[in-house]
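A quick write-up on the structure given underneath.
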There are 4 protein chains.
Amino acid sequence: MGSTKDNTRSDKHNRILKAAVRVFARYGYFNSKVAQIAREANVADGTIYLYFKNKEDILLSLFEDRMDGIIGDLRGSIGDETDPFRRLTKFISLHFDLIRKDPDLVSVITVELRQSAKFMKEYRNDKFREYLDIVEDIVNDGKSTGVVRQDVSPLVVKRGLFGMINELMLSQVLSRRRNAQELSQLAKQVIEISIRGIAIDPEQAIENGCKEV
Amino acid sequence: MGSTKDNTRSDKHNRILKAAVRVFARYGYFNSKVAQIAREANVADGTIYLYFKNKEDILLSLFEDRMDGIIGDLRGSIGDETDPFRRLTKFISLHFDLIRKDPDLVSVITVELRQSAKFMKEYRNDKFREYLDIVEDIVNDGKSTGVVRQDVSPLVVKRGLFGMINELMLSQVLSRRRNAQELSQLAKQVIEISIRGIAIDPEQAIENGCKEV
Amino acid sequence: MGSTKDNTRSDKHNRILKAAVRVFARYGYFNSKVAQIAREANVADGTIYLYFKNKEDILLSLFEDRMDGIIGDLRGSIGDETDPFRRLTKFISLHFDLIRKDPDLVSVITVELRQSAKFMKEYRNDKFREYLDIVEDIVNDGKSTGVVRQDVSPLVVKRGLFGMINELMLSQVLSRRRNAQELSQLAKQVIEISIRGIAIDPEQAIENGCKEV
Amino acid sequence: MGSTKDNTRSDKHNRILKAAVRVFARYGYFNSKVAQIAREANVADGTIYLYFKNKEDILLSLFEDRMDGIIGDLRGSIGDETDPFRRLTKFISLHFDLIRKDPDLVSVITVELRQSAKFMKEYRNDKFREYLDIVEDIVNDGKSTGVVRQDVSPLVVKRGLFGMINELMLSQVLSRRRNAQELSQLAKQVIEISIRGIAIDPEQAIENGCKEV
DNA sequence: GATGAATGAGCATTCATTCAT
DNA sequence: TATGAATGAATGCTCATTCAT
């Protein structure tokens, strides 16, 4: 029958993860109780520990799992494009789409993840790096093809752009009201500033980057 | 008879705050014990509660107190300047100076503050807004004088720039090595991207904004 | 085929018991996990409960089962002898042999068994009593034949001797090094003290009791 | 007012220890809850941890503390005597007195202490050794003065006698009924068997050892 | 104001036991 | 019989906060 009856291994894993995003987003990581996640996932407390090492592992696994999806989406969306600015545009846009599609996930990524000492110390080297490298690649590509200024540091851009997007997503997630138009306006602003910020020929870059988005 | 003997009210208040930055930066907010802060401040556990409502209040007071200093510094530094881009330049530079002057404080602001539900929900309206408004004013000023593009949203710039700076400060604080040159390079990158991102005449703006900094 | 493939009922029962002695001896009763015993016995966790009521029942069954063997050995060894002191000698010797033959079992009997409230309260009435009665019979026999002092209490002797042997076995099991010679010296000491302690004519008793052992 | 109002540091320490003996004796170490000890001691759960590292530390401290008393009593009682057998007599007698004076303590020492892996592995080297040495000294003394057989091993006697006494105390503590007469009979039996077991001249030894006890 | 001993609510985690397959 | 995934009750310990001195 329905999804509640599907008790396969991977289903429980997923149910717990889905419950965790909701709970973490609502109460914050430290205020969330493992028992609460279990209840929302419709499993027993102990079952959680068959799938995750401990509470922190739920948060970290959540990040890894969801990042895989996000990175996949980003690559999928960017893959078709060759122009660095169009790729940057798509990269940024997808983030602001996410705010509507999964605000809880955005909450967890922008706020709760920072509660994990382990994440702050170690994790930012793995999946996070893979994610950041997408931007680095775009910038490097732009420098090779001569459309991005040579003195632009891809390292600064990737982290800086991430910070900018992250903060704007956060402020959106914290304020209740959100409509699609506002979000696309937001995306547009970020896109334009970013492109102009690094392009050799800003006007041309904007024209290329923003065609029919 | 040095400072350790000065037991005036404001001194203890300050000693606790100074101890708190150290402790929070080292162990993280949730892992920091009030007793530990008390020990580092050389006061009794109970004394803390004569000066602060509770543990979270220490963090929040810390933020308010230090933000006053930072805002003061920013205003002081910016006050002399009239060119919006020069003001922006100074605004950004001061942040990267802070990483060297008080890395613990940077740690607390970029990471630990997010642990406070109260801060995330309410506080971002007071002292934080005052801080952000500095940028908003700069951008608005630039738009009035016609050097910043009219379609630039000051709201997006203030939050976006904050996010960018914040993330770069965080990544600096997390990595051990830090030298003055690297930091000023970082600042320069952020300055250039920001200015070009919003200026009507980027080349002119950069020339104005970066004179002898 | 080989023993690992023999999955008859009594084989699994035995495999579990053998695994339990090892695990209990190594980790102590309370720190031993049922799952651990199952793994060492090469059966599933649930299978344990087809053969034993619960964890405590494993310990108690273990005791019963092994005590049958020990009592059998004791009776076998003593059966041939008629002289009470020779019987006592054999009784004691066999215990110190056990330390080398099955130290894990000695560990469980001297230490772990005491963790079971049920054993301490009830069990000491059944198999344990049967075991103690061997000594009681010897002493009573000695009193009848006039070689043991009339004012000796068989009840005290049986429990006292058990305690003495038990403690010496324990101290042997706790200390790593153990050699056959040391153990037989130990046995000899206990034998001599016991015999002299209860005999009417100690010298004669020792001579009878210790012939060619 | 009464003892319940004496809240000095050492008083709480003692109250917890006294509560612990009661609780451990009644429910067994593992079944005893820290909260239960706290309630019986009239302190908060957390207070326990101001005085003891953890649950096991309560048990171990209890042993150390009470052993000090017992060792002191033994030395006090034995101190006056010069005859080894009289000293042995007093040593043994005091144990059986303890059964009446503090059965809970006897319970804890004979049964619960064995639950502590730490005690079984490490502790038996310190306070316990000090206690056993009392017997070793007596036996050595007896051998020097030529009243104890030269081939008697003091090591075996000290551990063996301890085991004997221990087991008899345990069996007394486990059985409900206990009267002073029965206990002194018990002591007398142990005394006589021990003395005869090790003496060169048993009759003389008994006469010396048992004068007016 | 200052102290620090005392409080006690709160929770992640374990593991013996069950039961659907 | 046998399995092993799932269960959920149960508890030692921590630590922010209080308050008698």
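Data for the structure
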{"quantity": "Residue in segment A:103-124 that is closer than 22 Å to A:G69 by Cβ, facing chain B (nearest Cβ under 10 Å), crowded, with 21+ Cβ neighbours inside 10 Å and among the hydroxyl-bearing types (S, T, Y) present", "calculated": "yes"}
{"quantity": "Answer residue from segment A:12-23, given it is touching a residue at least 12 places away in the same chain (Cβ under 8 Å) and farther than 23 Å from B:F30 by Cβ and is farthest from DNA strand F (Cβ to nearest atom) among those", "calculated": "A:K18"}
{"quantity": "Candidate set from segment C:54-100 (those that are surrounded by 17 or more Cβ atoms within 10 Å (Cβ to Cβ), away from chain D (no Cβ under 14 Å) and within 16 Å of DNA strand F (Cβ to nearest atom)); member that is nearest to the chain's Cα centre (by Cα)", "calculated": "C:S61"}
{"quantity": "Test: residue in segment D:158-165 that is over 21 Å from D:S77 (Cα atoms) and among the charged types (D, E, K, R)", "calculated": "no"}
{"quantity": "Enumerated helices (runs of 4 or more DSSP H) restricted to segment D:23-124, each holding at least 2 residues that are modelled with pLDDT of 95 or more", "calculated": "D:34-41, D:45-51, D:55-79, D:84-101, D:103-110"}
{"quantity": "Every pair of residues 6+ apart whose Cβ atoms lie under 6 Å, when the first sits in segment C:81-95 and is more than 19 Å from C:R149 (Cβ to Cβ) while the second is basic (K, R)", "calculated": "C:E81/C:R87"}
{"quantity": "Filtered residue count, segment B:171-186, keeping only those that are in contact (Cβ under 8 Å) with a residue 40 or more places away in the chain and either facing chain A (nearest Cβ under 8 Å) or among the aromatic types (F, W, Y) (or both)", "calculated": "1"}
{"quantity": "Segment B:27-54 - residue that is within 15 Å of B:Q115 (Cα to Cα) and in contact (Cβ under 8 Å) with a residue 24 or more places away in the chain and, of those, nearest to DNA strand E (Cβ to nearest atom)", "calculated": "B:F30"}
{"quantity": "Selection within segment B:125-146 - surrounded by 14 or more Cβ atoms within 10 Å (Cβ to Cβ) and within 14 Å of chain A (Cβ to nearest Cβ)", "calculated": "B:F128, B:Y131, B:L132, B:V135, B:E136, B:V139, B:G142, B:K143"}
{"quantity": "Some residue of segment A:147-170 being assigned to a loop (DSSP other than H, G, I, E, B), over 15 Å from B:G197 (Cβ atoms) and more than 9 Å from every other protein chain (Cβ to nearest Cβ)", "calculated": "yes"}
{"quantity": "Residue list for segment A:171-213, restricted to those being among the acidic types (D, E) and in a loop (DSSP other than H, G, I, E, B)", "calculated": "A:D201, A:E212"}
{"quantity": "Of residues in segment D:32-51 being of a type in the set (A, V, I, L, M, F, W, C) and closer than 16 Å to D:D11 by Cβ, the one farthest from DNA strand F (Cβ to nearest atom)", "calculated": "D:A41"}
{"quantity": "Set D:R9, D:R26: member being within 14 Å of chain C (Cβ to nearest Cβ) and away from DNA strand F (no atom under 11 Å from the Cβ)", "calculated": "D:R26"}
{"quantity": "Check on D:R114, of a type outside the set (A, V, I, L, M, F, W, C) and touching a Lys or Arg at 6+ places or on another chain (Cβ under 7 Å)", "calculated": "yes"}
{"quantity": "Output for segment A:189-209, where each listed residue is over 22 Å from the mean Cα position of the chain (by Cα) and more than 7 Å from every other protein chain (Cβ to nearest Cβ)", "calculated": "A:A199, A:I200, A:D201, A:E203, A:Q204, A:A205, A:I206, A:E207, A:N208"}
{"quantity": "Index of the failed condition, B:E122 passing every other in (1) assigned by TED's automatic domain parsing to the domain that holds B:K188; (2) in contact with a helix residue (DSSP H, G or I) (Cβ under 8 Å, 6 or more places away or on another chain)", "calculated": "(2)"}
{"quantity": "Any hit, segment B:173-180, residues being β-branched (V, I, T) and modelled with pLDDT under 95", "calculated": "yes"}
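The values are calculated or read from the model by the stated rules, or taken from the named source; none is laboratory data. This one's a predicted model, so the numbers in the text were calculated from it and none came from an experiment. Positions of Cβ are backbone-derived with ideal geometry, glycine not excepted, and every protein chain shown enters the neighbour counts.
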